[in-house]
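Q: My questions all concern the structure below.
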Amino acid sequence: MSHRARLAALALLTSAAVLPAHPATATTDITPSAAAPCRDQSMWPDGDDAQWFYHCSNAVAYRKLCPAQLHFNAVLDTCDWPENVSYRTRLTAEGATLLESPVAVKSLRARLLTAPDAGDGADPLENARLTFRTTTGETLCVARTNSDGIASCDVSGGISTPVVTLRQGYEVVYAGNNAAQPSQAHGTLES
């Protein structure tokens, strides 16, 4: 048994002894069309809600809920007290295309990574809600990250921001999830 596996087992046994009684862990099976591909690791956090995580079993990813308001701790691969779970995030935005007549924005794209230090070796954060907006704060679109931590969208109408302002680029924002810290990035819009 690896050192990490021993730590995870110890954390689970230790926390079981001190946790209050709680209902059994609820499991939601992800249908094959929406299933996240299994990753190298067998468990990873959900970007939308710190209480949820993904567990890979027989090459199928299942979305599971931690019991008793606990948060998923990716370092220990177990549910843990919220005060013990915190991740840094790194959000990057790519260049997108600005069409001027009619005004539209194509290929907005961003990637969200997370790890205890969000440095090299950080993992993609799946199912995180990213808001793409103009530099003046107008929401262009909202998208969720996939299993690679990538979210993308297009905006074909309803943009009230002047083209001259849109040329300044766009912002993408991740609000966080009570464990993963919020992030923001700036992307370019080119005609």
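Q: Within the stretch 119-132, identify whether any single residue is over 29 Å from Ser42 (Cα atoms), modelled with pLDDT of 95 or more and within 21 Å of the chain's Cα centre (by Cα), and answer yes or no.
A: Yes, the stretch 119-132 contains at least one residue that is over 29 Å from Ser42 (Cα atoms), modelled with pLDDT of 95 or more and within 21 Å of the chain's Cα centre (by Cα).
Q: On to the next question. Taking Thr78, is it of a type in the set (Val, Ile, Thr) and modelled with pLDDT under 80?
A: Against the criterion (of a type in the set (Val, Ile, Thr) and modelled with pLDDT under 80), Thr78 does not qualify.
Q: Which condition number does Thr97 fail, the rest of (1) among the β-branched types (Val, Ile, Thr); (2) under 23 Å from Trp52 (Cα atoms); (3) in contact (Cβ under 8 Å) with a residue 40 or more places away in the chain being met?
A: Against the list (1) among the β-branched types (Val, Ile, Thr); (2) under 23 Å from Trp52 (Cα atoms); (3) in contact (Cβ under 8 Å) with a residue 40 or more places away in the chain, Thr97 comes up short only on (2).
Q: Within the stretch 143-158, which residues are outside any strand (DSSP E or B) and surrounded by fewer than 18 Cβ atoms within 10 Å (Cβ to Cβ)?
A: Listed by number, the residues that qualify are Asn146, Ser147, Asp148, Ser156, Gly157, Gly158.
Q: Same structure, new question: Please go through (1) over 28 Å from Met43 (Cα atoms); (2) open to solvent by 20 Å² or more (accessible area, probe 1.4 Å); (3) among the polar types (S, T, N, Q); (4) not in a strand (DSSP E or B) for Thr161 and return the number of the only condition it doesn't satisfy.
A: Among (1) over 28 Å from Met43 (Cα atoms); (2) open to solvent by 20 Å² or more (accessible area, probe 1.4 Å); (3) among the polar types (S, T, N, Q); (4) not in a strand (DSSP E or B), Thr161 violates only (2).
Q: Hand me the list of strands (runs of 3 or more DSSP E) wholly inside the stretch 77-141 holding 1 or more residues that are open to solvent by 20 Å² or more (accessible area, probe 1.4 Å) and at positive phi.
A: Passing ranges, in order: 103-115.
Q: Scan the stretch 84-98 for residues that are under 16 Å from Arg133 (Cα atoms) and not charged (D, E, K, R) and jot them down.
A: Scanning the stretch 84-98 gives Leu91, Thr92, Ala93, Gly95, Ala96, Thr97, Leu98.
Q: Moving on to the next point. Only one residue in Leu125, Leu166 is of a type outside the set (Asp, Glu) and farther than 18 Å from Tyr54 by Cα, so which one is that?
A: Answer to the selection: Leu166.
Q: Which one is modelled with the lowest pLDDT, of the residues in the stretch 51-63 that are buried (at least 20 other Cβ atoms within 10 Å of the Cβ) and farther than 25 Å from Arg109 by Cβ?
A: Only one residue tops the list, namely Phe53.
Q: Could you check the stretch 168-191 and list, in sequence order, the residues that are within 12 Å of Gly95 (Cα to Cα), part of a loop (DSSP other than H, G, I, E, B) and in contact with a strand residue (DSSP E or B) (Cβ under 6 Å, 6 or more places away or on another chain)?
A: Result: Gly169, Ser191.
The values are calculated or read from the model by the stated rules, or taken from the named source; none is laboratory data. Predicted, not measured: the structure shown is a model, and the values here were computed from it. Quick reminder, even Gly has a Cβ in these numbers, built from the backbone with ideal geometry, and neighbours come from all protein chains shown. Surface areas here come from the heavy atoms of the whole protein model, side chains and all, with no ligands, DNA or RNA. Shrake-Rupley method; radii C 1.70, N 1.55, O 1.52, S 1.80 Å.
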